[in-house]
Amino acid sequence: MSPVRRCSRTACGRPAVATLTYVYADSTAVLGPLATYAEPHCYDLCAEHSERLTAPRGWEVVRLADASAPSRPSGDDLEALANAVREAARPQERAGQQGGASRAADPREVARRGHLRVLRSPDS
């Protein structure tokens, strides 16, 4: 058995990139990224068939993500990750010093554990 899942369409052997699920109660076809596991009531589709998907008259197609393009982290995601790694790599003395200064600057901060902060609820 091949580890790559194939398109569910008849006579199509291309690799699957999206999963199609029908929600009959809402008359909706949901097309999202390839599911982690093959489900018995879902259909795996290749890029071509997922792009050309149409629904029956009166039904709505909901596309959760661009399944044909690999998702890539945004610049903000990469910057946040780099900042978290830098903060975690700092020696504890420096992190402790910054925690005290940060607490004075942000009155919502209740506690700190490493690079994580606990903030008061905005309601209190």
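A few points about this structure:
- Restricting Glu109, Glu87, Glu51 to residues that are within 27 Å of Val30 (Cβ to Cβ), modelled with pLDDT of 75 or more and surrounded by 10 or more Cβ atoms within 10 Å (Cβ to Cβ) narrows the list to Glu51.
- Taken residue by residue, the stretch 14-25 has no member that is at pLDDT 90 or above, among the hydrophobic types (A, V, I, L, M, F, W, C), part of a loop (DSSP other than H, G, I, E, B) and surrounded by fewer than 16 Cβ atoms within 10 Å (Cβ to Cβ).
- Residues in the stretch 1-12 that are at pLDDT below 90 and of a type outside the set (A, V, I, L, M): Ser2, Pro3.
- Taken over the stretch 30-45, the residue count meeting the criterion of being modelled with pLDDT of 90 or more and over 20 Å from the mean Cα position of the chain (by Cα) is 1.
- Entry remark, the stretch 26-62: residues being touching a strand residue (DSSP E or B) at 6+ places or on another chain (Cβ under 8 Å) and either touching a residue at least 60 places away in the same chain (Cβ under 8 Å) or part of a loop (DSSP other than H, G, I, E, B) (or both) number 11 in total.
The values are calculated or read from the model by the stated rules, or taken from the named source; none is laboratory data. Here the structure is a predicted model, which means the values were calculated and not measured. Backbone-built Cβ (ideal geometry, glycine too); neighbour counts: all protein chains shown.
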